[in-house]
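S.K.: Have a look at this one.
Every number in this text was worked out from the coordinates using simple rules, so none of it is lab data. It should be emphasised that the depicted structure is a prediction, and the values quoted were computed from it without experimental measurement. Counting neighbours? That spans all protein chains shown, and the Cβs are built from the backbone with ideal geometry, glycine included.
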Amino acid sequence: SEVGHFQGAWCPDVDTFRDQLPLVVDELADQKDKTVVMYCTGGIRCEKASAYLKHKGFKDVYHLEGGIIKYARDAKENGLENKFIGKNFVFDERLNERITEDVIAGCHLCGEPFDDHTNCKNKACNLLFIQCPKCAEKYTGTCSTECQTIVALPEEEQRALRKGKDNGVRIFSKGRFGK
């Protein structure tokens, strides 16, 4: 939702879809009789999330069948007004697909309007974040001066620093960067 979302959508500030479900249940606990409409990239996660919310007592739960991908395609093919703005984040090497020309995100390092995700070039970090071309050049494709220092080291030293570390999947969080 950082790079794209539906107009007027509530976008919980979480790193992963998995983190979102308990937050939604807590935030909407007193509104279980209201209509809940969810959307996700391709629709599969929303099918499972809809069942989860119903299990938690929500009465009127819907999800966008086929997700944002199908919605954007159908809106275009049928000449309908598109209510999604920005990009749709996808889980392959593309990282996103442009739905509208709106740029609603900014570089995580300087704040300049930009919406392309990349991974930090420091293999030990590999943070998924948004970085504009100026900052990519300034920081050599890394997310921080610390990571920039590490990628400047010979590969053997970098490998030694990584040994035994498991960073898992790291995604940029504004809270972690103090912005």
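S.K.: State, to one decimal in nm, how far the label point of Trp10 lies from the label point of Thr118, with both points 7 Å from Cα in the Cβ direction.
M.R.: Between Trp10 and Thr118, the simple spin-label model gives 3.6 nm.
S.K.: Would you mind listing how long the range 1-103 runs along its three principal axes, going by Cα atoms, in whole Å with the largest first?
M.R.: Result, largest extent first: 37, 28, 22 Å.
S.K.: For the chain, give me the percentage of DSSP beta bridges that are antiparallel, rounded to the nearest 5 percent.
M.R.: For the chain, the DSSP antiparallel bridge percentage is about 65.
S.K.: Let's test the formula: R0 of 30 Å, r as the Cβ-Cβ distance of Thr149 and Leu23. What FRET efficiency results, to the nearest 0.05?
M.R.: After rounding, the FRET efficiency stands at 0.25.
S.K.: Where does helix 67-77 land angle-wise versus the long Cα axis of the chain, in degrees 0 to 90, nearest 10?
M.R.: The two axes meet at around 70 degrees.
S.K.: Next question. Over the range 1-103, what relative contact order in percent results from Cα pairs under 8 Å that are six or more residues apart?
M.R.: Relative contact order for the range 1-103 comes out at 29 percent.
S.K.: At 222 nm, what value in deg cm²/dmol follows for the chain if DSSP H runs of at least 4 each add -39500 (n - 2.57) and the sum is divided by all its residues, to the nearest 500?
M.R.: -8500 deg cm²/dmol
S.K.: Using a basic spin-label model with each label point 7 Å from the Cα along Cα→Cβ, how many nm lie between Lys54 and Gln31?
M.R.: A separation of 2.1 nm, rounded to one decimal place.
S.K.: Test of understanding: in a Gaussian network model of the chain with alpha carbons linked when under 10 Å, which of Gln148, Gln20, Gln31 would top the mean-square fluctuation ranking?
M.R.: Result for the chain, Cα springs under 10 Å: Gln31 fluctuates most.
S.K.: Which lysines, on any chain, are close to Lys87 with Cα under 18 Å apart, when same-chain ones fewer than 8 places away are left out?
M.R.: Partners within reach: Lys70, Lys76.
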